[in-house]
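K.L.:
Next up is a structure, given as structure tokens.
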Amino acid sequence: MIRINTSLSYNERQDNLSIRIEANKRFSNFDLEDWLDEYLPFKPGDIILDIGCGNGNLFPCYSRKLGDRGVIVAIDQSKELLSEAIKCEDTTPKVLLEWDMNDRFPFIERSFNHVISAFAIYYVDDVRAITEDIKKVLKLSGEVFLIGPTNNNARELYEFNKKIFNFDRDEKVIRRTNRIEKEFYPAITDIFESVSVEKIPSKLVFPSKVEFITYYMATLLFEESVKKFGFKPNANKLLSFDIPSFEICKEMIVLRGRKNE
């Protein structure tokens, strides 16, 4: 029996997140932290808001720019992930809040120099509401950075998933992967200045079928497919399927806007 859940929200698990982060570090030809080091305009002493911070894996990157005079304020709805994030050892002071991004922000106006959300904000229910909240809490000349997947991201995984569960991407998956471009871009353009969009392709090349399957089983795609169809194939079963290539083509989108008034 197929179970349908139309909510876009998702509560990430620490073990799955760690598997995917480690795979990207080991097998990708693109280093997100190196790119952020070059791209982000954070300065020493800035106060930033990280929406959907997860386990804090990007805190060290932000900290290298903010130094010990800056502050990272980070929100996530997962206690499990925040308990990992608090362990991050770097020099920048942090304020971590268990907070659902579907709720209005508990911050006063013009609190932050910059707002960033990396691979999280496309799970929110109301694009317009959170966009307006972001503008409200940004200082003048502050910038917002929204990072996520595009519709071209990881098509090989969807093809493999179809072999296992015999269905294509559903409307919810398609909407998530299109969301920054199709929903956030118009909203940001409407209320921010100097808006830009950049798409960055990359590849994950796994050394073996085992590594490919381990990554696949740690994805939201696999987890939601299991819930939808009510059965969970184990690793041995998945390894029995033919995989033409252990390569996944990735594509991320970066949406940027400035508050000028």
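K.L.:
Out of region 155-196, which residues are in a helix (DSSP H, G or I), of a type in the set (Asp, Glu) and surrounded by fewer than 14 Cβ atoms within 10 Å (Cβ to Cβ)?
P.N.:
Within region 155-196, GLU159, GLU171, ASP190 qualify.
K.L.:
Which one of these is touching a Phe, Trp or Tyr at 6+ places or on another chain (Cβ under 6 Å) and among the hydrophobic types (A, V, I, L, M, F, W, C): PHE192, PHE165, PHE184?
P.N.:
None of the other options fit; the residue is PHE165.
K.L.:
In region 138-150, which residue that is in contact with a Lys or Arg (Cβ under 9 Å, 6 or more places away or on another chain) and closer than 21 Å to CYS249 by Cα is surrounded by the most Cβ atoms within 10 Å (Cβ to Cβ)?
P.N.:
LEU146
K.L.:
Restricting the search to region 217-245, which residues are within 27 Å of SER28 (Cβ to Cβ) and within 23 Å of the chain's Cα centre (by Cα)?
P.N.:
Across region 217-245, the qualifying residues are MET217, ALA218, THR219, LEU220, LEU221, PHE222, GLU223, GLU224, SER225, VAL226.
K.L.:
Please state which one of TYR62, TYR39 is more than 15 Å from the chain's Cα centre (by Cα), at pLDDT 95 or above and surrounded by 21 or more Cβ atoms within 10 Å (Cβ to Cβ).
P.N.:
The match here is TYR62.
K.L.:
Of everything in region 101-116, what is under 13 Å from GLN77 (Cβ atoms) and either of a type in the set (Gly, Ala, Ser) or in contact (Cβ under 8 Å) with a residue 40 or more places away in the chain (or both)? Give them in sequence order.
P.N.:
Correct list: MET101, ASN102.
K.L.:
Does region 76-118 hold any residues that are closer than 15 Å to LEU138 by Cβ, of a type in the set (A, V, I, L, M, F, W, C) and in a loop (DSSP other than H, G, I, E, B), and which are they?
P.N.:
Listed by number, the residues that qualify are PHE105, PHE107, ILE108.
K.L.:
Modelled with pLDDT of 95 or more and not β-branched (Val, Ile, Thr), is that true of ASP46?
P.N.:
Yes.
K.L.:
Next question, about the same structure. Going by the conditions given, is LEU140 touching a strand residue (DSSP E or B) at 6+ places or on another chain (Cβ under 6 Å), closer than 18 Å to ILE47 by Cα and not hydroxyl-bearing (Ser, Thr, Tyr)?
P.N.:
Considered against the rule, which asks whether it is touching a strand residue (DSSP E or B) at 6+ places or on another chain (Cβ under 6 Å), closer than 18 Å to ILE47 by Cα and not hydroxyl-bearing (Ser, Thr, Tyr), LEU140 comes out as no.
K.L.:
I need every pair where a residue in region 241-255 that is touching a residue at least 40 places away in the same chain (Cβ under 8 Å) and within 16 Å of PHE145 (Cα to Cα) has its Cβ under 8 Å from the Cβ of a residue that is surrounded by fewer than 21 Cβ atoms within 10 Å (Cβ to Cβ) and basic (Lys, Arg), sequence separation at least 6 or different chains.
P.N.:
Every condition considered, the pairs that remain are MET252/LYS199; ILE253/LYS199; VAL254/LYS199.
K.L.:
Given the conditions (1) within 24 Å of GLU183 (Cα to Cα); (2) among the basic types (Lys, Arg); (3) in contact (Cβ under 8 Å) with a residue 40 or more places away in the chain, report the number of the one that LYS163 does not fulfil.
P.N.:
Here LYS163 meets the rest and fails (1).
K.L.:
In region 53-66, is there at least one residue being touching a Ser or Thr at 6+ places or on another chain (Cβ under 6 Å), part of a helix (DSSP H, G or I) and not hydroxyl-bearing (Ser, Thr, Tyr)?
P.N.:
Yes - at least one qualifying residue is present in region 53-66.
K.L.:
Condition first: buried (at least 16 other Cβ atoms within 10 Å of the Cβ) and under 16 Å from ILE21 (Cβ atoms). Now tell me which residues in region 83-97 satisfy that.
P.N.:
GLU84, ALA85, CYS88, listed by residue number.
The values are calculated or read from the model by the stated rules, or taken from the named source; none is laboratory data. Fair warning: this is a prediction, and the values are worked out from it, not measured in the lab. Every residue, glycine as well, gets a Cβ built from its backbone with ideal geometry; the counts of neighbours run over all protein chains shown.
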